[in-house]
1. For region 550-562, enumerate the residues that are open to solvent by 60 Å² or more (accessible area, probe 1.4 Å) and over 13 Å from residue 376 (Cα atoms).
2. Being loosely packed, with under 14 Cβ neighbours inside 10 Å and either in a helix (DSSP H, G or I) or more than 28 Å from the chain's Cα centre (by Cα) (or both) is the filter here; which residues of region 408-430 pass it?
3. Identify the residue in region 442-475 that is among the aliphatic types (A, V, I, L, M), outside any helix (DSSP H, G or I) and touching a residue at least 40 places away in the same chain (Cβ under 8 Å) and, among all such residues, is nearest to residue 371 (Cα to Cα).
4. Could you list all residues from region 508-524 that are over 26 Å from the mean Cα position of the chain (by Cα) and either surrounded by 23 or more Cβ atoms within 10 Å (Cβ to Cβ) or under 19 Å from residue 388 (Cβ atoms) (or both)?
5. For residue 258, which of the numbered conditions (1) surrounded by fewer than 23 Cβ atoms within 10 Å (Cβ to Cβ); (2) part of a helix (DSSP H, G or I) fails to hold?
6. Just one of the numbered conditions (1) closer than 26 Å to residue 558 by Cα; (2) open to solvent by 70 Å² or more (accessible area, probe 1.4 Å); (3) in a helix (DSSP H, G or I) is not true of residue 204; which one?
7. Might you check whether a residue that is within 21 Å of residue 413 (Cβ to Cβ), open to solvent by 10 Å² or more (accessible area, probe 1.4 Å) and among the aliphatic types (A, V, I, L, M) occurs anywhere in region 209-223?
8. It is to be established whether one or more residues within region 525-532 are closer than 30 Å to residue 330 by Cβ, in contact with a Phe, Trp or Tyr (Cβ under 9 Å, 6 or more places away or on another chain), in contact (Cβ under 8 Å) with a residue 12 or more places away in the chain and open to solvent by 10 Å² or more (accessible area, probe 1.4 Å).
Amino acid sequence: MSDLIAVVDDEKCNPDKCEHECVNFDPLNRSPTGADGFYIDDETGKARISEAVVMEGHRISANKCPFDAIQLVNLEKETGEKLHQYGENAFRLYGLPAPKEGQVVGVLGRNGTGKSTALNILAGDLKPNLGEYDEGVEWDEIVTAHRGTELQTYFERLAEGGIVASSKVQRVDEIQEAFGGRVAELLNRLDERGNVERLVETLDMEAMVDKQVGSLSGGELQRVAVAGCLARDADVYLIDEPSSFLDVKQRLNVARAIREETAAAEGDRRAVVVEHDLATLDVVADLVHVAHGEPGAYGMISNAMSSRVGVNQYLRGYLKSHNLRIRDEEITFERGTAGTSAGDTVVEYPALEKSFDSFELRVEGGDLREGDVVGVLGENAIGKSTFVKMLAGELEPDGGELDTTASFAYKPQHLEAQNAKVEFVLMQDIDMSSQRYQTLVEQPLDLEELYEQNTADLSGGELQRVGVAACLGQEADAYLLDEPSAYLDVETRVSLAKSLRRFARNAEVPVVVIDHDLVFLDYISDRAMVFDGEPGVRGHASAPDDVSDGFDRFLSTVDMTFRKDPETGRPRANKPGSQKDREQRESGEYYE
């Protein structure tokens, strides 16, 4: 039997600017019995309803809310007991990932389904209330609720202060707000295991240890955050999205560091890693829990599965052990046309050169074709963004002359939020009333729900969608997108990939995409463009070429092998040193 719940988004709920439609159209409030339905709470000033009385008829009053602040959601099947609820008509979480000694447990799922909440509970920063948000819950009740499970012992130790947790923050810029010295000083302050020197080597941080923390890039901050977390003498390492801002090689190094430090001989150590990048998850995780539910309303954590089984069941949208469908459609991976783009050439660019004080870039001449998606691969600081900025006209090449008659739309890597509504920001450069925009941009990117929000209040993923829309909504000969998958969960990345491919085909325009998510690039690319060289010193870019050849060449430079999963078709990263990894290296096929 389904369980209907009401969830009120307090940030959107604004009773001072509405006619209290949720109250006035509530069928209970209008019934002769005088039963209580929706009401405005005196303490919070927000809409509330007793969960015991929520029924299908309340969809009427919820739909009348002018701010879309109320969701009515069916819990089709609860997998376990309610672990925590933030308040009446607020988000609730069912289940928790179970840390295992000497192993890395991964958590995969959509944004807004409780992954970060789960990490806060495991860290002891948030005491679970078992759904009793208006009453105090004792630790013995929490332990009893998990009797017979691995979490029983964990909660017993947590209650007694016997669990030391080390957490890596999701927002790594907070490090700069908290510390103003050199990287080496920060890491030495955090070093409780005597492993900082090993971490610096594994994470390739030698060139940055003498830098000031305030001068670090996002990728450098991410590695400092991981190193600082793993340097603590802890029982459990809780690591939230460690791949953000990192290139493929750096992601592999981070995965290796997490595995090595968790499995280190001294102590009883374990790790829980929340991650959206499937390739990183392949390498780092021994086991995977799937987080599912309705974002912002409720989340459920599945049982533990092997990393391959967990990822594949998530992609299929069906959790076999729970007999539960979590998505209507499967996510399948079909590569693009792999170098056979038949469209006419739209833009030809010559060999280009660009030099800075300590970096030089050489780009071989190439072309961009109608309906063609070119995936750009390369490490950080190798010249990828410099190349697209030259095409976009934001940088003048030192060698080579670009065709100035071709127009480019450009989404930069870093997006700045304005203090204005999304709709106002977009309408400055876009005809939002055009059929082209509504069909190829607005609907696929699900933008309508964002129009009334201030861009400064958007999450990283929401701002990313707006940035992509601002690019694709323009009239241009070619479109350049720098890291469009950043901050997006797996489902949103796949949806974006479909949207970009459809946009390129239907608008018959070339799209150039720089990204570090190899699964995303494999899904979207017709051709591949590979950058190599020495990061921060010199870069070289090939012309767009066959996808398979490009991926194989790139993976050989970052010392990583991939194979296709036979069930889902997704590219899977081989764990370094595994039998499959050794076989592919011996055959010279890094991308099988």
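The values are calculated or read from the model by the stated rules, or taken from the named source; none is laboratory data. Given the structure is predicted, the values throughout are model-derived calculations rather than measurements. Ideal geometry is used to build each Cβ from the backbone, glycine not excepted, and the neighbour counts take in all protein chains shown. Calculation scope for accessible area: heavy atoms of the full protein, side chains included, ligands and nucleic acids excluded. Shrake-Rupley method; radii C 1.70, N 1.55, O 1.52, S 1.80 Å.
1. To start, the set of residues in region 550-562 that are open to solvent by 60 Å² or more (accessible area, probe 1.4 Å) comprises 553, 557, 559.
Once the filter is applied, which keeps residues that are open to solvent by 60 Å² or more (accessible area, probe 1.4 Å) and over 13 Å from residue 376 (Cα atoms), region 550-562 yields 557, 559.
2. Within region 408-430, 424, 428 meet the criteria.
3. Within region 442-475, the first condition is being among the aliphatic types (A, V, I, L, M), and the residues that meet it are 445, 447, 450, 456, 458, 463, 466, 468-470, 472.
Restricting the remaining residues to those that are outside any helix (DSSP H, G or I) gives 445, 447, 458.
Applying the additional criterion that residues be touching a residue at least 40 places away in the same chain (Cβ under 8 Å) yields 445, 458.
Working: 445: 19, 458: 31 Å.
Looking at the filtered set, the residue picked out is 445.
4. Filtering region 508-524 for residues over 26 Å from the mean Cα position of the chain (by Cα) gives 508-509.
Scanning region 508-524 gives a single hit, 509.
5. (1)
6. (3)
7. The answer is yes; a qualifying residue exists.
8. Scanning region 525-532, I find no residue that is closer than 30 Å to residue 330 by Cβ, in contact with a Phe, Trp or Tyr (Cβ under 9 Å, 6 or more places away or on another chain), in contact (Cβ under 8 Å) with a residue 12 or more places away in the chain and open to solvent by 10 Å² or more (accessible area, probe 1.4 Å), so the answer is no.
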